[in-house]
Every structure is written in structure tokens, then in C-alpha cells.
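Peer 1: The structure's right below; bear with me while I get my questions together.
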Amino acid sequence: MKHLTEDQIRELKGTLITMRERLIASAQEQIRDPSNVTFEGGDEIDRADLEGERYLTFRIKGREAKLIHKIDYALMKMESGTYGVCENCGAEIPFERLKARPVTTMCIECKELEEELEND
């Protein structure tokens, strides 16, 4: 983390905390949403539409839960002083990359290599 200034760390931490708060607020709103009430009546098509919407909502919420975990992990790394260092090769991750994707754990080269291997 030595390659990041205190101001940069503070900015990234603020971004992560804001992201986390928005995700949690969205999840809480979803819990209060009256459309989550059990559906009674209607025909099979209405029920199928509702189930399709619920499935999509749960997939989105699953992704949001994973993102919250990544945010918490990034905040923990900040506290331990290991944030901004590639977990693959140990290189410093540039501020510009961290600003664009503050939850990243890899430098761009390692991330591109990982994606290449996944696509093979």
C-alpha cells in the first residue's frame, strides 16, 4: 500500500463504504417490497411470470451479496495494509485501476491471464 497516498486510500475507502451502504439499503428495500408477498390466485402464466421475476431478483441479490463480501475483504485488506497489491504476482495495483474497480485483488496483467485461462 506504500504506492498509495493517504488521500487516495481515504478516497477508495469512502467509495467502498458508499457502495456497501447502497447495496445493503437495496437489500433492505427488497425485503420490505410488497411484491415479495406470496402470490395467490391468477392463472399459470401469472404465476410463471412472478416466479421468473423472483428468480431474476434472487440472482441479482446473490451477486450483490458476493459484491458485499468483496467490499468487506477490500476494507479488511486496507486495515491490514495489504490493499492494492496483486494477490497473484505481488505487484502494486495502480490507483487508476483501484479507482475503477476498488474491490479488485489482481493487477490487470494477472486478471487478463485469468480470463484467458477461463475462456480456454
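Peer 1: Tell me yes or no: at least one residue of region 87-100 is touching a residue at least 24 places away in the same chain (Cβ under 8 Å), in a helix (DSSP H, G or I) and charged (D, E, K, R).
Peer 2: Taking every residue of region 87-100 in turn, at least one turns out to be touching a residue at least 24 places away in the same chain (Cβ under 8 Å), in a helix (DSSP H, G or I) and charged (D, E, K, R).
Peer 1: In the list E109, E116, E64, which residue meets the criterion of being among the charged types (D, E, K, R) and modelled with pLDDT of 95 or more? It would help to see each step written out before you state the result.
Peer 2: Details: E116 fails: modelled with pLDDT of 95 or more; E64 fails: modelled with pLDDT of 95 or more.
Result: E109 is the single residue among E109, E116, E64 that is among the charged types (D, E, K, R) and modelled with pLDDT of 95 or more.
Peer 1: Same structure again: Mind counting the residues in region 74-100 that are of a type in the set (S, T, Y) and either more than 20 Å from M19 (Cα to Cα) or surrounded by fewer than 18 Cβ atoms within 10 Å (Cβ to Cβ) (or both)?
Peer 2: Qualifying residue count for the region: 2.
Peer 1: A follow-up question, please. List the number of the failed condition for A65; all other conditions in (1) of a type in the set (G, A, S); (2) part of a helix (DSSP H, G or I); (3) more than 10 Å from the chain's Cα centre (by Cα) hold.
Peer 2: Condition (3) is where A65 drops out.
Peer 1: In region 69-102, what residues are within 18 Å of T5 (Cα to Cα) and among the acidic types (D, E)?
Peer 2: E79, E92, E96 - these are the residues of region 69-102 that are within 18 Å of T5 (Cα to Cα) and among the acidic types (D, E).
Peer 1: Filter region 4-55 for residues that are exposed (fewer than 13 other Cβ atoms within 10 Å of the Cβ) and not in a helix (DSSP H, G or I); which is modelled with the highest pLDDT?
Peer 2: Here the residue is T5.
The values are calculated or read from the model by the stated rules, or taken from the named source; none is laboratory data. None of these values were measured; they are calculated from a predicted model. Don't worry about glycine lacking a Cβ; one is built from the backbone with ideal geometry, like all the others, and counts go over all protein chains shown.
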